[in-house]
Amino acid sequence: MNTVLRIAIQKSGRLQEDSLKLLKESGLHFSNGRDQLKAQARNFPVEILFLRDDDIPQYVEDKVADVGIVGENVWIEKQKDNELVKRLDFAKCRLSIAIPRSENYTGLSFLSGKNIATSYPVIVKQFLKKNNIEAGIHEISGSVEIAPGIGLADAICDLVSTGSTLLSNGLKEVEVVLQSEAVMIATPKLEAEKKKLLDQLLFRIQAVQSAKNNKYILLNCPNEAIAKITSVIPGMKSPTIMPLSRPGWSSLHSVVDENDFWEKIDQLKSFGAEGILVIPIEKMIA
Ligand code: ATP
Ligand code: ZN
């Protein structure tokens with residue numbers, strides 16, 4: 001039988017859309033009809049399993065799935081025999097401690113002897129231990145943010161992205177326990193054939209991620225400025241230079257990192273660059 005790599009992703013929820021998008025941008029074609037439990041890629045030996053995110057680390061440990069996409073928070077909390085193979089740069093959020101807004105927060109010692117409601121008892125316990133704080137942990141599975149309001153706990157530890165849920169429940173964020181993003185996890189010691197498929201997939205994901213972090217840039221510049229401009233945007237190997245029909249001018253093509261893009265544009269302009277075009281890149285292979 002031909003080897004197939006089984007990838008578990010969230011069935012529905014905050015990770016689902018971006019997980020599917022990543023696999024599709026990596027060139028996998030599959031149909032994802034509603035209520036499906038699994039889908040077979042048509043053009044790559046991959047099978048996708050749709051599961052609750054909380055169950056994914058266990059399924060990966062049990063080798064029901066070879067690979068899974070989950071929040072780092074879930075991966076750490078579950079403490080399963082999983083290997084982190086790639087950070088995926090989406091579903092960014094933080095796991096934070098919040099207390100009623102009316103309380104005066106004086107630092108971590110505030111939590112001593114208090115009761116903290118959370119769905120992440122393992123992570124909270126580690127955090128308290130690391131900081132030498134003795135506090136009670138009250139594990140609840142959902143709607144953690146209402147716990148202080150109904151007298152169930154003095155504080156909570158829950159996922160935050162904008163903080164609006166905290167605000168509407170009269171809470172304030174006081175400590176960040178963990179910064180999280182989606183991660184790809186895998187069964188340790190995958191058999192060689194599967195490892196090969198995973199490596200191919202990781203190569204594609206890398207190309208998609210690099211492309212997202214870079215832009216293709218074209219500009220016109222006086223020939224005297226080429227050296228200076230090249231030092232700012234060296235590109236993957238070196239820029240492409242083509243003469244313009246106007247004497248003394250060239251068109252220069254290169255690649256620029258999204259993060260220092262604006263700063264570089266200002267420099268390029270000061271060196272005499274004109275007619276700057278910036279274009280998204282779909283895939284990028286160094
Ligand atoms: P399931 O039904 O699969 O158990 P769930 O309700 O536990 O889903 P979601 O709310 O869909 O989970 O969140 C899934 C993951 O998305 C979280 O574990 C976390 O990593 C990430 N996440 C959670 N909240 C946010 C947020 N506000 N912004 C960005 N990412 C988030
Ligand atoms: Zn869940």
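The values are calculated or read from the model by the stated rules, or taken from the named source; none is laboratory data. This structure is a prediction, so every number in the text was calculated from the model and none was measured. Cβ atoms come from the backbone with ideal geometry, glycine included; neighbour counts cover every protein chain shown. In case anyone asks, the SASA skips ligands and DNA or RNA and just uses the protein heavy atoms, side chains included. Shrake-Rupley method; radii C 1.70, N 1.55, O 1.52, S 1.80 Å.
Mean separation of Cα pairs under 8 Å and 6+ residues apart, divided by the residue count of the range 140-228: what relative contact order is that in percent?
Here the relative contact order equals 14 percent.
For the chain, set up a GNM with springs between Cα atoms under 10 Å and report which of Asp266, Asp18, Asp154 has the largest fluctuation.
Highest fluctuation among the options: Asp266.
I'd like the projected area of the chain, averaged over all directions, using the convex hull of its alpha carbons. Report it in nm² with one decimal.
Projected over every direction and averaged, the Cα hull of the chain covers 20.8 nm².
Dividing the convex hull volume of the Cα atoms of the range 27-166 by its residue count, what figure in Å³ per residue is obtained?
149 Å³
Taking only protein heavy atoms and a 1.4 Å probe, what accessible area per residue, in Å², does the chain have with all protein chains in place?
Roughly 54 Å² per residue, with all protein chains present.
Nearest 20 debye, what's the magnitude of the dipole of the chain about its Cα centre given +1 on Lys and Arg Cβ and -1 on Asp and Glu Cβ?
660 debye
For the range 173-241, what is the charge dipole size about the Cα centre, in debye to the nearest 20, if Lys and Arg each add +1 at the Cβ and Asp and Glu each add -1 at the Cβ?
400 debye
Taking only DSSP H segments of four or more residues, each worth -39500 (n - 2.57), what value at 222 nm results for the chain once the sum is divided by all its residues, to the nearest 500 deg cm²/dmol?
Value at 222 nm, helices only: -8000 deg cm²/dmol.
What's the carbon and sulfur percent of the chain's accessible surface, probe 1.4 angstrom, rounded to a whole number?
Roughly 49 percent of what the probe reaches on the chain is carbon or sulfur.
Determine the alpha carbon to alpha carbon distance for each of Lys86/Lys125; Lys80/Lys129; Lys21/Lys114; Lys130/Lys194 and list only those over 31 Å.
Details: Lys86/Lys125 26 Å; Lys80/Lys129 20 Å; Lys21/Lys114 42 Å; Lys130/Lys194 38 Å.
Correct reply: Lys21/Lys114; Lys130/Lys194.
Which value, in Å³ per residue, describes the convex hull spanned by the Cα atoms of the range 131-231?
Taking only Cα atoms, the range 131-231 has a hull volume of 277 Å³ per residue.
Report, in debye and to the nearest 20, how large the dipole of the range 1-90 comes out about its Cα centre when Lys and Arg carry +1 and Asp and Glu carry -1 on their Cβ.
Roughly 340 debye, rounded to the nearest 20.
Leaving ligands and nucleic acids out of the surface, order Met184, Met242 by accessible area at 1.4 Å, largest first.
The most accessible residue leads, giving Met242, Met184.
Which residue, Asp260, Asp54, Asp62, has the most motion in a Gaussian network model of the chain that connects Cα atoms within less than 10 Å?
The residue that fluctuates most here is Asp260.
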